[in-house]
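Rule-based calculations on the coordinates, nothing more; no lab input. A quick note: this is a predicted structure, and the numbers were derived from the prediction, not measured. Note: ideal-geometry Cβ built from the backbone for every residue, glycine included; neighbour counts use all protein chains shown.
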Amino acid sequence: MKTVIIRKEDLAPGAQFEPKWLLIDAQDQVLGRLASQVAMLLRGKHKPTFTPHLDTGDFVIVVNADKVKLTGAKLKEKFYYHHTGYPGGIKAARAEKLLADKPTELVRLAVKRMLPKNALNRHILHKLKLYAGDVHPHQAQQPEPYTLPY
């Protein structure tokens with residue numbers, strides 16, 4: 001039996017590889033474990049049609065991103081850094097402050113850093129929909145609830 005490599009033409013609209021919409025509730029979930037599962041679903045590694053050079057993953061909606069947990073003392077001690085591009089322009093924010101100011105940014109950064117660092121990363125990341133509360137505007141897509149395996 002040969003391994004089938006999916007071509008880009010096989011992913012055209014109307015093909016059998018249509019992406020699904022999955023709904024994940026992040027309430028009381030550990031950030032790293034949640035992010036690794038979301039990255040796997042976005043990339044499509046849970047499907048038998050996974051192809052590394054194509055986007056074969058599903059759309060993922062994460063609700064209650066503001067209620068995600070960090071283990072240990074990470075909430076107080078973990079820093080997120082970014083650089084403005086100017087000399088001496090490094091900025092740092094504690095995880096606690098980032099969670100209070102931009103609750104979805106914590107989950108987005110965790111998922112983004114678990115995806116491959118290439119042009120496909122940006123394309124895949126557009127399929128991640130994050131919401132701080134439990135309301136989302138994607139009811140028309142009929143998302144299927146997805147329970148994390150742990």
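Assorted remarks:
- Pick from the range 94-150, criterion surrounded by 15 or more Cβ atoms within 10 Å (Cβ to Cβ) and basic (Lys, Arg), ranking: farthest from GLY57 (Cα to Cα): ARG94
- Considering residues of the range 25-40 that are under 13 Å from the mean Cα position of the chain (by Cα) and polar (S, T, N, Q) only, the residue nearest to ASP134 (Cα to Cα): GLN37
- The residues of the range 82-104 that are in contact (Cβ under 8 Å) with a residue 12 or more places away in the chain and under 26 Å from ILE124 (Cβ atoms), listed by number, are ALA93, ALA95, LEU98, LEU99, PRO103, THR104.
Matching residues to (1) in a loop (DSSP other than H, G, I, E, B); (2) aliphatic (A, V, I, L, M):
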| site | (1), (2) |
| --- | --- |
| LYS47 | yes, no |
| THR51 | yes, no |
| VAL62 | no, yes |
| ASP66 | no, no |
| PRO87 | yes, no |
| ALA100 | no, yes |
| GLU105 | no, no |
